[in-house]
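As structure tokens, the structure follows; a few thoughts come after it.
No value in this document is a laboratory result; all are computed from the given coordinates. All figures in this text were calculated on a predicted structure; none of them were measured in a lab. All Cβ positions, even for glycine, are placed from backbone atoms using ideal geometry, and neighbour counts span all protein chains on display.
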Amino acid sequence: MLTIKDLDVSIAGEDKPVIKGFSLEVKPGEVHAVMGPNGSGKSTLSYVLAGRDGYEVTGGTVTFMGQDLLEMEPEERAAAGIFLAMQYPVEIPGVANSYFLRQAVNALKKARGEPAMSAADFMKKLKAKAEEIGIRPEFLKRDVNAGFSGGEKKRNEILQLAMLEPRLCILDETDSGLDIDALRTVSDGVNALRTPDRAMIVITHYQRLLDYIVPDHVHVMADGKIRKSGGKELALELEEQGYEGLLGRAA
Amino acid sequence: MTAIARRPVSRHTAPVPAFAELFEHEQQHLPGSEAAALDAWRRTRFARFETTGLPTQRVEHWKYTNIAKVANVAMGLASRPEVKLDDVQRYFAGGPLARRLIFVNGHLATELSHVGGLPEGVVIKGLDVMLRDDPDRVLAALAEDRALDASGPHSFADLNAAFLQSGAWIEVADDIVLERPIQLLFLTVGEASAVMTHPHIIVKLGARAKAHLIESHVGVKDGHCLTNLVADYEVGAGARLDHDRLQLGAAGTTFIGLNRIRIGEKGELKQTVATLGGTLVRNETDMHLQGSFIEAQLNGVYMPIESEHVDNVIRVHHEQPDGHSDQFYKGLALDKAKAAFAGKIFVYKDAQRTNAFQTNNNLLLSDDAEIDSKPELEIYADDVKCSHGATCGELDPVALFYLRSRGLDRDEAESLLTYAFAAEVLERFTDPAVMKLAQERLIARTPGGANLTDML
Ligand SMILES: Nc1ncnc2c1ncn2[C@@H]1O[C@H](COP(=O)(O)OP(=O)(O)OP(=O)(O)O)[C@@H](O)[C@H]1O
Ligand SMILES: [Mg+2]
């Protein structure tokens with residue numbers, strides 16, 4: 001589904017390599033966890049996959065369902081089925097959460113040549129999903145993320161994820177900022193989306209999330225590339241030994 | 001050799017003779033002209049207008065606007081054209097129970113207005129009626145005229161006084177809470193020739209009184225029309241005024257508004273102003289916090305398009321301790337439009353523990369548009385918290401990416417963010433109908449806004 005080959009990325013205009021020869025293969029139905037120290041390039045990787053400006057790809061390729069992902073605009077990637085739940089979700093004062101979501105749902109439908117969802121159907125679905133994820137109805141009327149607490153923003157990202165039903169979900173530290181109960185509800189929300197034709201990349205610092213969202217593969221990233229890969233037990237090892245213990249001083 | 005006498009550079013320009021001719025001609029027909037004191041007052045104000053002249057851009061407060069170009073021309077007094085009831089009703093706000101005075105080109109349209117069932121202690125009248133029935137009362141109120149502040153006579157306030165003819169007189173006695181909003185709806189109908197109108201609004205809230213005032217200034221037909229408004233709002237001790245003002249001027253219209261606000265101890269004001277139309281709009285506000293523990297919130301948004309021009313000048317005077325004022329102004333300029341915001345906070349020597357804030361964020365949406373922002377502080381007390389910040393930029397690229405990553409294309413995302421930038425201020429309107437009218441106009445002005453109509 002997603003093939004990243006020898007990817008090199010610099011911060012635009014700074015000539016500062018952040019991703020250095022990163023490769024990863026994600027198949028439908030798989031959940032990949034990516035862990036790694038602060039500044040190792042995890043968020044940069046997720047932004048490059050989602051198509052944010054400000055990065056320069058200096059080498060390598062990314063193919064998503066047969067298409068050259070790097071050539072596509074962010075909205076084309078969204079239409080193709082990529083969704084990034086951001087580490088720092090953006091506040092958009094002046095736009096109601098439910099309106100934004102309806103625009104997004106219908107924009108994706110339009111791009112895929114499907115008919116738009118009626119306002120009534122949309123609201124019904126939105127209310128049901130919000131309840132599952134533990135978002136109170138007044139948050140749907142409030143402006144997108146404006147004045148939301150850290151945890152509320154993360155829940156809101158998962159609500160978008162649930163409504164947009166992407167093929168590839170990238171969760172960038174969705175667990176940080178969540179209280180213990182929220183971690184459970186959010187994980188349940190994510191697990192509900194685990195299907196054989198959907199894949200996930202879960203970026204996290206904590207093993208705890210992986211107790212709930214059990215990964216098929218765990219990758220440890222340091223200095224812009226994957227240093228070690230393994231099964232779910234790698235996360236436990238990491239928890240015990242730390243990055244230095246696992247990767248040696250160089251990490 | 002002959003010595004050339006150096007004359008001081010004049011900051012004002014002499015009025016065209018048409019003003020004097022018009023004044024001579026109209027003066028005896030103005031309401032209340034038989035009252036000697038009122039007549040004399042009008043004459044002194046006109047004389048002072050003649051000697052002062054109109055401000056040029058060398059006058060500090062007029063730096064960004066060449067007002068003489070549109071205001072120093074021959075104009076007649078506006079007549080009272082017919083309006084279609086539909087054109088009027090579209091702009092009704094304040095709900096079905098609102099009390100309403102409706103003005104057409106400055107003239108009170110009694111048959112369209114509705115101010116019945118007033119509780120005792122509440123007066124809502126056309127100013128023309130007050131000028132005829134009780135000119136002394138009006139004069140007494142006008143004597144408190146604070147146009148003559150440190151900056152000298154105010155040309156347009158004087159011109160307004162000279163032609164004083166109509167407007168609104170609103171009084172709410174002590175302790176009265178008016179639940180039903182009051183709407184002042186000013187319709188401007190362009191005429192065949194250039195005209196002007198000089199309305200005056202006087203609002204007095206007694207101690208602990210509460211009221212919600214909606215002012216709508218709407219152009220229903222294009223044409224050269226100058227509205228020169230003076231408005232005096234007095235908020236008594238412990239009183240509260242909620243004030244919504246919607247400005248939807250038409251092409252060819254010039255709006256010059258001087259707003260003078262006085263608030264007494266523990267008084268509260270929440271004002272929201274949206275300027276979404278008019279060839280030239282000038283909003284000047286002078287707010288005096290005259291008691292302690294006052295709360296004042298001034299919200300505003302302006303969005304000139306095409307070759308429109310909007311100029312905001314706000315002066316906030318913290319005269320007494322423990323006051324709190326908050327200015328939240330946002331601007332957007334498109335096409336070849338120009339906008340300016342000059343806000344100044346004065347904290348007087350006695351005004352300890354003042355909290356005064358000012359934010360002015362601007363969005364420049366075209367290379368040919370221009371926005372000037374000039375925030376200023378003048379502080380004479382030592383224990384205060386004041387801040388001001390101004391920004392001028394383009395749409396936030398991070399927010400644009402966020403929307404696009406959810407599937408909106410670039411144009412949709414830009415429209416939505418443009419709308420949202422201004423809508424944040426519109427959400428502060430107290431009256432939902434005003435908010436909706438403003439949102440509709442905002443959508444009409446937003447590039448690609450057609451996609452957004454289902455938002456409302
Ligand atoms: N726009 C930018 N300008 C300059 N440096 C940047 C920029 N974006 C990222 N970097 C740098 O790139 C490196 C990788 O950053 P990134 O945010 O991808 O790390 P991360 O692995 O997500 O870290 P964390 O675990 O703290 O979230 C860091 O050194 C960071 O400072
Ligand atoms: Mg990160």
I'd like the FRET efficiency for A:Q241 and A:I180, computed as 1/(1 + (r/R0)^6) with the beta carbon distance as r and R0 of 30 Å, rounded to 0.05. 0.75
Using only alpha carbon positions, build the gyration tensor of segment A:62-201, then give the equivalent ellipsoid semi-axes as the square roots of 5 times its eigenvalues, largest first, whole angstrom. 23, 19, 15
Spelling out what I want: for every residue of segment B:164-171, take phi, set θ = phi - 60°, compute 6.51 cos²θ - 1.76 cosθ + 1.60 (Karplus), and round to whole Hz; glycine and proline get x. 3, 9, 8, x, 10, 10, 10, 10
Virtual spin-label span in nm between B:V73 and B:R11, 7 Å along Cα→Cβ: 2.7
Sequence-distant or interchain residues sharing an amide H contact under 5 Å with B:L377, placed H: which? B:I345
If each of A:V214 and A:K27 carries a label point 7 Å out from its Cα toward its Cβ, how far apart are those two points in nm? 1.9
Note down the Stokes-Einstein diffusion coefficient of segment B:334-426 in µm²/s, whole number, using a Kirkwood radius over alpha carbon pairs, 37 °C, and 0.692 mPa s. 210
Within the protein assembly as shown, percent of DSSP bridges classed antiparallel, to nearest 5: 20
What is the set of long-range amide H partners of B:G300 at a cut-off below 5 Å, with H atoms built 1.01 Å from backbone N? B:V273, B:F328, B:Y329, B:K330
Cα-based Debye curve of segment B:213-370 sampled at q = 0.08, 0.14, 0.21 Å⁻¹ gives log₁₀ I(q)/I(0) of -0.24, -0.68, -1.25
With each pseudo-label sitting 7 Å past Cα toward Cβ, what's the A:A12-B:R132 distance in nm, one decimal? 6.8
R0 = 51 Å: FRET efficiency of A:S229 with B:Y380, Cβ-based, nearest 0.05? 0.15
Spelling it out for A:S23: with amide H atoms placed in the peptide plane at 1.01 Å from N, the residues 5 or more places away or on another chain with amide H under 5 Å from its amide H are A:D6, A:L7, A:I226
Largest-first principal axis extents, alpha carbons of segment A:125-251, Å: 50, 33, 25
For segment B:397-456, what does the relative contact order come out to in percent, with C-alpha contacts under 8 Å and a separation of six or more? 33
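Could you give the dipole magnitude of segment A:196-235 about its Cα centre, charging the beta-carbon of Lys and Arg +1 and that of Asp and Glu -1, in debye to the nearest 20? Spell out each step's value before the answer.
Numbers: 6 positive and 5 negative charges, 27 e Å.
In debye, rounded to 20, segment A:196-235 gives about 120.
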How high is the relative contact order of chain A? Use alpha-carbon pairs under 8 Å, at least six apart in sequence, and give a whole percent. 27
Once you list every other residue whose beta carbon is under 13 Å from the beta carbon of B:R428, what net charge do they have if Lys and Arg are +1 and Asp and Glu are -1? -4
Ranked highest first by the average count of other Cβ atoms within 10 Å around their residues, in what order do B:338-347, A:15-24 fall? B:338-347, A:15-24
Averaged over A:77-88, number of beta-carbon atoms from partner chains that fall within 10 Å: 2
Given a Förster distance of 56 Å, the FRET efficiency implied by the Cβ-Cβ spacing of B:V123 and A:T3, rounded to the nearest 0.05, works out to 0.10
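If you count, for each residue, the other Cβ atoms within 10 Å and average over each peptide, how do A:114-124, A:208-218 line up from highest to lowest?
Order by mean packing, descending: A:208-218, A:114-124.
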Under a Gaussian network model of chain A whose springs join Cα atoms within less than 10 Å, the largest fluctuation of A:G150, A:G81, A:G13 belongs to A:G13
For B:414-420, what's the mean count of beta carbons from other chains sitting within 10 Å of each residue's beta carbon? 3
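Kirkwood-based Rg over Rh for the protein assembly as shown (C-alpha set), two decimals?
Taking Rg over the Kirkwood Rh, I get 1.08.
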Which value in Å does the Kirkwood hydrodynamic radius of segment B:13-150 take, with 1/r averaged over all unlike C-alpha pairs and then inverted? 18.2
Across 20 Å bins beginning at 0, the whole-percent shares of Cα-Cα pair distances in chain B come to 25, 59, 16, 1
To the nearest 20 debye, what is the magnitude of the charge dipole of segment B:1-139 about its Cα centre, counting +1 on the Cβ of each Lys and Arg and -1 on the Cβ of each Asp and Glu? 860
Can you check how the C-alpha radius of gyration of segment B:397-456 compares to 2.2 N^0.38 Å, as a plain ratio? 1.15
For a quick size check, give me the Cα extents of segment A:1-142 along its three principal axes, largest first, whole Å. 47, 32, 29
Suppose every Lys and Arg Cβ carries +1 and every Asp and Glu Cβ carries -1, with no other charges. What dipole size does chain A come out with about its Cα centre, to the nearest 20 debye? 600
How big, in percent, is the set of alpha carbon pairs in segment A:2-247 lying more than 29 Å apart? 28
Given the C-alpha centroids of segment B:75-130 and segment B:377-401, what is the distance between them in whole angstrom? 39
Where a label projected 7 Å from the Cα of B:D372 along Cα→Cβ would reach, residues of segment B:36-71 with amide N under 13 Å: B:56-67
Mean-position separation - Cα centroids, segment A:153-171 and segment B:217-274, in angstrom: 45
For peptide A:90-99, the mean count of other chain Cβ atoms within 10 Å per residue Cβ is 6
I'd like the Karplus ³J(HN,Hα) series for segment B:110-120: coefficients 6.51, -1.76, 1.60, θ = phi - 60°, whole numbers in Hz, and an x wherever there's a Gly or Pro. 4, 5, 8, 7, 7, 10, x, x, 6, x, 4
